[in-house]
Each structure stands twice: as structure tokens, then as C-alpha cells.
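The values are calculated or read from the model by the stated rules, or taken from the named source; none is laboratory data. Since this is a predicted model, take the numbers as computed values, not measurements. Neighbour counts are summed over all protein chains in view; Cβ atoms, including those assigned to glycine, are modelled from backbone coordinates with ideal geometry.
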Amino acid sequence: MSVTDRYWGLRDWFPVPRRNGRFYVIRWVLLEANRLAVTGALVTFMFSALMAVGWIWTFEMQQVLTETPAVQTILSSLLSGIILLVSIVVSINSIVLSHDITSVEAQEDRVRGVVEFRRDIGRLTESGESPTDPAAFLGLMASVIHDRATA
């Protein structure tokens, strides 16, 4: 494995600059990034922020948390927020699942449609296959559109 292959292999874990030298962080996060790397970065950032707040405002936080009414208010607010969040998530999941609960024939038709779409894309690209990775699919479609526009 060459050095350039290793360099481009890091694109899943770090936002590596493109060949033109520019960073596309939003594109990297939305399309190319490893979800584990993004989650780890967010958790690390939140942990560091909470540790910094606890280190800077030590005495104020200790005073707030030692007062009984303040602790009771904080815990009741957190509990009501968790209950509200769980009810919202369950209702959204039930709405999403109600559209997916269909007959076996309808599911087979959906699968046939997806297979036919992928076959059509493969014929368009003249390579015979269409990638399942969103970034690779968009790149392939952009190159096909560019080739057809310049032809």
C-alpha cells in the first residue's frame, strides 16, 4: 500500500484536504466521515466543555448543588424532560413504522424497484454497477453528467 493510498484512506477518520488543497468539513461530516469518528469527536468536545465549566466555576456549582430546593428543581426538570423526549421519540417511531408495515408483495415491489433503479444507473454509467456509498454515488453521477454535458 503506497503512502498516497494510506493518506486517502484516512478520509473516513479525518477531514483530509482535496487535491485542490481545500477542506470541505461539512461535506466530510455529512457524506464521507466515519460515524464512529464523528460521534467520538462530539462526545470528546462535550466532555471537555463540561470539565472546563466544572473546573472554572467550582464554588458556584458546589453551592448550587448543596442547596436542597435547587437540586430538587434540577432533578424534576431533567426527569420531565426525559419523559417528554421518550414520548416524542416513541410517537415519531410509530409514525415511521406505520409506513413500513405493509404487505409482503408491497415490500417485494419496493425491492424490485430499487434493483431496477440500480440496474438503470449501471447502464447509464457504462460500468455495470452503481455504488451504495452516497459520496461515491454522487461522484459517479457528477462524472456522468459532466461527460454527457461535454459530449
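So, in region 1-32, of the ones that are in a helix (DSSP H, G or I) and among the aliphatic types (A, V, I, L, M), which residue ends up modelled with the lowest pLDDT? Lay out the reasoning, then the answer.
Going residue by residue through region 1-32, those that are in a helix (DSSP H, G or I) are 3-12, 25-32.
Filter again for among the aliphatic types (A, V, I, L, M), leaving 3, 10, 25-26, 29-31.
Values: V3: 75, L10: 66, V25: 79, I26: 82, V29: 83, L30: 84, L31: 81.
Result: L10.
Tell me, please, whether a residue that is assigned to a loop (DSSP other than H, G, I, E, B), acidic (D, E) and exposed (fewer than 11 other Cβ atoms within 10 Å of the Cβ) can be found in region 101-115.
The answer is no, given that none of the residues of region 101-115 is assigned to a loop (DSSP other than H, G, I, E, B), acidic (D, E) and exposed (fewer than 11 other Cβ atoms within 10 Å of the Cβ).
Examine region 34-47 for a residue that is among the charged types (D, E, K, R) and modelled with pLDDT of 80 or more, and state whether such a residue exists. Break it down into steps so the answer makes sense when it comes.
Residues of region 34-47 among the charged types (D, E, K, R): 35.
Now narrow it down to the ones that are modelled with pLDDT of 80 or more: 35.
Yes - at least one qualifying residue is present in region 34-47.
May I ask you to list pairs of residues, at least six apart or on different chains, whose Cβ atoms are under 8 Å apart, with the first in region 104-132 being more than 22 Å from A149 (Cβ to Cβ) and the second being among the basic types (K, R) and surrounded by 10 or more Cβ atoms within 10 Å (Cβ to Cβ)?
Final answer for the pair search is E129/R118.
Exactly one condition in (1) loosely packed, with under 11 Cβ neighbours inside 10 Å; (2) under 30 Å from W13 (Cβ atoms); (3) at pLDDT below 80 is false for E60; which is it?
All conditions are met except number (2).
Just to check your reading of the model, which residue among R123, R118 is in a helix (DSSP H, G or I), charged (D, E, K, R) and under 23 Å from L31 (Cα atoms)?
Details: R123 fails: under 23 Å from L31 (Cα atoms).
None of the other options fit; the residue is R118.
Inside region 117-144, can you point out the residues that are under 27 Å from the mean Cα position of the chain (by Cα) and surrounded by fewer than 11 Cβ atoms within 10 Å (Cβ to Cβ)?
Passing the criteria: T132, A142.
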